[in-house]
Amino acid sequence: DPFVRVRYNGRTQETSIVKKSCYPRWNETFEFDLEEGAAEAVCVEAWDWDLVSRNDFLGRVVFNVQRLWAAQQEEGWFRLQPYQSKSRRGEGSLGSLQLEVRL
């Protein structure tokens, strides 16, 4: 039951939960107020929702805001990465998300 959480500058927004799907499609748009020159990163996290226990972290993609200002847009398939503090050596790929991030 995956969903995506997008974080930027202390704000968090979430997609809907797609029940019983290994290949979810959200087609949702989120807007954040970005300040030019901001150092904060945009973090897109994939989660698996659980009714009776803690949601499971699947991986994340981090976008550098400085690069976004220069490029104005990044789109494509992005490989999910683990949290830096919890390395998952030997577990293989965490999957990918197809995203469009633009200013």
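The values are calculated or read from the model by the stated rules, or taken from the named source; none is laboratory data. Everything numeric here is computed off the predicted structure, so don't read it as measured data. Glycine gets a Cβ as well: all are built from the backbone with ideal geometry, and neighbour counts include every protein chain shown.
Among the residues of the stretch 25-43, just one is among the β-branched types (Val, Ile, Thr) and outside any loop (DSSP other than H, G, I, E, B), namely VAL42. Being farther than 19 Å from GLN81 by Cβ, modelled with pLDDT under 90 and of a type outside the set (A, V, I, L, M, F, W, C) is the filter here, so list the residues in the stretch 24-53 that pass it. Within the stretch 24-53, ASP33, GLU35, GLU36, GLY37 qualify. Output yes when any residue across the stretch 44-64 is assigned to a strand (DSSP E or B) and of a type in the set (Lys, Arg), and no when none is. Yes: one or more hits. For the stretch 1-39, a tally of residues being surrounded by 15 or more Cβ atoms within 10 Å (Cβ to Cβ) and of a type in the set (Asp, Glu) returns 2.
Is it the case, given these coordinates, that GLY95 is touching a strand residue (DSSP E or B) at 6+ places or on another chain (Cβ under 9 Å), modelled with pLDDT of 95 or more, surrounded by 11 or more Cβ atoms within 10 Å (Cβ to Cβ) and on the phi > 0 side of the Ramachandran plot? Criteria not met by GLY95. Restricting the stretch 1-21 to residues that are in contact with a strand residue (DSSP E or B) (Cβ under 8 Å, 6 or more places away or on another chain) and either free of Cβ contacts under 8 Å to residues at least 12 places away in the same chain or small (Gly, Ala, Ser) (or both), the residue that is farthest from TRP49 (Cα to Cα) is THR12. Scanning the stretch 24-38 for residues that are under 14 Å from the mean Cα position of the chain (by Cα) and on the phi > 0 side of the Ramachandran plot turns up at least one hit. Applying the condition of being part of a loop (DSSP other than H, G, I, E, B) and modelled with pLDDT of 95 or more to the stretch 1-17 and asking which residue is nearest to ALA71 (Cα to Cα) yields THR15.
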